[in-house]
Amino acid sequence: MAGFDKVVSSYSEAMAGLEDGMTVIAGGFGLCGIPEGLIGQIKRQGIRNLTVVSNNCGVDGFGLGVLLEDKQIRKMVASYVGENALFEQQLLSGELDVELTPQGTLAEKMRAGGAGIPAFYTATGVGTPVAEGKETRSINGRDYLLEHSITGDFAIVKAWKADRFGNCIYRHTAMNFNPMAATTGKITVLEVEEIVEPGELEPSQIHTPGIYIDRVIKGVFEKRIEKETTQAAKQLGAN
Amino acid sequence: MALTREQIAKRVAMELQDGYYVNLGIGIPTLVANYVPDNIAVMLQSENGLLGMGQYPTADALDADMINAGKETVTAATGAAIFNSAESFAMIRGGHVDLTVLGAFEVDQNGNIASWMIPNKLIKGMGGAMDLVAGAKNIICTMTHANKHGESKLLSECSLPLTGVGCINKVITDLALLEIKDGAFHLLERAPGVSVEEIQAKTQGRLIIPKNTPEMTL
């Protein structure tokens, strides 16, 4: 009896069922807190025509950027895509669609999607290109946009520690979009640095309860740093 | 003399108050952290999910899991909190952040800001800027007064796609400190040695000039 034991032992098991044309929602901010091994598996499986929802699209050669190399992404929903030359090239050639979404709206779209709320009103983006084609409503004298929530066929999430039931804890700012992404997948796959036995994590300290998680895999992470800044090197913000 | 980037940051820092929660954007706004007066405490919010951003780490304390919204490695200050992106934007959109400092390509006399997109050039995305300008009660915009061709960036109406509407109330440039209200830029201070005439010449939008415009003290 497997019961609530969600641990799988291979990346192919972790991403089984992913097909061409599906929507994948990925946690991470830049290269911080990204499910590196699950992204690698999507590349190996050669799945195409994907819609990928994530705050960023990695960088050339790392993170979600590797899925651009074989043109596996058809549409990207993100708030900031400025770190990626291949992305720019495919966008300009029309091979890639992008839906730029304000960062807070993107986080809330995921949160709402996982929480069964189909849409919400926000002041973010009123009077800007983001408002085009969207319903606007005045509430208490201020204008708000109606934004629709997001769910996906797969959600791929990176956490620090999980128990076998999928209860998990994120580490530092590697949390970012991961808890929201975790709630959005028809199948949510969690890639972690360490798997522990149920009962080892303090219940009140768990960030994402296992109910949202379908599969857990212990990953191997490079944890590349996008901008290495140290005290000796410079003052804050100097470049 | 026009202010340097550091001097603009220093003047912004004089607007900080003890106990402020502050979000600093990328560029000149980030430099403000270096000029927080010694006699006050502020907490820096980084929209990737950190309230209480500390210094850059020493080389041996470098941690890939600890970054700011500019994707730079940082540390957590004493008393910091870390949370998810939805929580981060709940505090931003909900008006809980006391002050936001951000850069812009253009601002106009009605408080509109354009900071994220130049059509027909590379579109990188707005990141958190639209949420920040929609949610903050108090925003300072830092920018150069004119572009490198000498054309004003303080306009009667923004020409670029907007980031937010009617949301900017204070602008600190290399030439002046101005308040935006009632459909005009109100000149409050000028940079040391910069004439009112130069500011007027480089302000395309409606400019209200008081009888006496004091020089900034830095």
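The values are calculated or read from the model by the stated rules, or taken from the named source; none is laboratory data. If you're wondering where the values come from, they're calculated on a predicted model, not measured in any experiment. Every residue, glycine among them, receives a Cβ derived from its backbone with ideal geometry; neighbour counts consider all protein chains shown.
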Exactly one of A:Ile150, A:Ile156, A:Ile139 is in contact with a strand residue (DSSP E or B) (Cβ under 8 Å, 6 or more places away or on another chain) and more than 19 Å from A:Lys186 (Cβ to Cβ), and that one is A:Ile139
Specify the residue that is farthest from the other protein chains (Cβ to nearest Cβ); the eligible residues are those in region B:31-56 that are surrounded by fewer than 16 Cβ atoms within 10 Å (Cβ to Cβ) and either of a type in the set (Asp, Glu) or assigned to a helix (DSSP H, G or I) (or both). B:Asp38
Within region B:176-194, identify whether any single residue is of a type in the set (Gly, Ala, Ser), out of contact with any helix residue (DSSP H, G or I) (no Cβ under 9 Å at 6 or more places or on another chain) and closer than 21 Å to B:Gln7 by Cα, and answer yes or no. yes
Count - residues of region B:12-27 that are surrounded by fewer than 24 Cβ atoms within 10 Å (Cβ to Cβ) and farther than 19 Å from B:His96 by Cα: 4
Out of A:Ala115, A:Ala107, A:Ala119, A:Ala78, I need the residue that is within 11 Å of chain B (Cβ to nearest Cβ), of a type in the set (A, V, I, L, M) and either surrounded by fewer than 17 Cβ atoms within 10 Å (Cβ to Cβ) or on the phi > 0 side of the Ramachandran plot (or both). Which one? A:Ala115
Within the group B:Ile113, B:Ile140, B:Ile123, which residue is within 17 Å of the chain's Cα centre (by Cα) and within 11 Å of chain A (Cβ to nearest Cβ)? B:Ile113
Qualifying position, being over 18 Å from B:Ala114 (Cα atoms) and in contact (Cβ under 8 Å) with a residue 40 or more places away in the chain, among B:Pro192, B:Pro161: B:Pro192
If I ask for residues that are touching a Lys or Arg at 6+ places or on another chain (Cβ under 8 Å) and within 12 Å of B:Leu102 (Cβ to Cβ), which ones from region B:139-168 would you list? B:Ile139, B:Ile140, B:Cys141, B:Met143
Just give me the residues in region B:70-85 being outside any loop (DSSP other than H, G, I, E, B) and at the interface with another protein chain (Cβ under 9 Å from one of its Cβ atoms), in sequence order. B:Glu72, B:Thr73, B:Ala76, B:Ile82, B:Ser85
So B:Trp116 fits all but one of (1) modelled with pLDDT of 95 or more; (2) not in a helix (DSSP H, G or I); what number is the exception? (1)
Residue satisfying condition, being at positive phi and over 18 Å from the mean Cα position of the chain (by Cα), within set A:Lys71, A:Lys134: A:Lys71
So B:Asn23 fits all but one of (1) at pLDDT 95 or above; (2) out of contact with any Lys or Arg (no Cβ under 7 Å at 6 or more places or on another chain); (3) at the interface with chain A (Cβ under 8 Å from one of its Cβ atoms); what number is the exception? (3)
Quick test of your reading of the structure: B:His149 fulfils all but one of (1) in contact (Cβ under 8 Å) with a residue 12 or more places away in the chain; (2) away from every other protein chain (no Cβ under 14 Å). Name the failing condition by number. (1)
In this structure, is B:Val171 crowded, with 17+ Cβ neighbours inside 10 Å and either more than 14 Å from the chain's Cα centre (by Cα) or of a type in the set (Val, Ile, Thr) (or both)? yes
Between a first residue in region A:172-187 that is at positive phi and a second residue that is outside any helix (DSSP H, G or I) and surrounded by fewer than 24 Cβ atoms within 10 Å (Cβ to Cβ), which pairs have beta carbons less than 8 Å apart while being 6 or more apart in sequence or on different chains? A:His172/B:Asp63; A:His172/B:Asp65; A:His172/B:Met66; A:His172/B:Ala76; A:His172/B:Ile82
Strands (runs of 3 or more DSSP E) within region A:109-220 that include 3 or more residues under 25 Å from A:Gly17 (Cβ atoms): A:152-163, A:185-196, A:215-218
Counting only residues that are surrounded by fewer than 19 Cβ atoms within 10 Å (Cβ to Cβ), touching a residue at least 60 places away in the same chain (Cβ under 8 Å) and either under 23 Å from A:Glu194 (Cβ atoms) or within 11 Å of the chain's Cα centre (by Cα) (or both), how many does region A:11-58 have? 1
When the residues of region B:57-69 are narrowed to those that are more than 7 Å from chain A (Cβ to nearest Cβ) and either in contact (Cβ under 8 Å) with a residue 60 or more places away in the chain or not acidic (Asp, Glu) (or both), which ends up farthest from B:Leu31 (Cα to Cα)? B:Ala61
